[in-house]
1. Inspect all residues belonging to the stretch 26-37 and state whether any of them is at pLDDT 95 or above, out of contact with any helix residue (DSSP H, G or I) (no Cβ under 7 Å at 6 or more places or on another chain), surrounded by 10 or more Cβ atoms within 10 Å (Cβ to Cβ) and among the β-branched types (Val, Ile, Thr).
2. Conditions: (1) surrounded by 10 or more Cβ atoms within 10 Å (Cβ to Cβ); (2) aliphatic (A, V, I, L, M); (3) at pLDDT below 95. Leu73 meets all but one. Number of the miss?
Amino acid sequence: MSDKITLEGQDYEIAHLSTGGQALAKQIAQVQHHLDERLRMREVLLKARAAYLAELRAEVVKQQSGVDLSRLLDDF
């Protein structure tokens, strides 16, 4: 945990806070950590979704046109 916390643009030393304030600062840090994890996971899931959609589009084109887009550039 950081030695300071910033609230509304003002920095506060965590060591100077009351015990309750220190506990709240710790909880804020934990919540921020969980939020950061969830945002990273969201990015991973969005990339996976995009990959699945691209694969599905290629499959639809293959079914409709008979052209296998995945093999189109294999010779190069």
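1. There is at least one residue in the stretch 26-37 that is at pLDDT 95 or above, out of contact with any helix residue (DSSP H, G or I) (no Cβ under 7 Å at 6 or more places or on another chain), surrounded by 10 or more Cβ atoms within 10 Å (Cβ to Cβ) and among the β-branched types (Val, Ile, Thr).
2. (1)
The values are calculated or read from the model by the stated rules, or taken from the named source; none is laboratory data. Values in this document were obtained by computation on a predicted structure and should not be read as measured data. Reconstructed Cβ throughout: ideal geometry from the backbone, glycine too, with neighbour counts over all protein chains shown.
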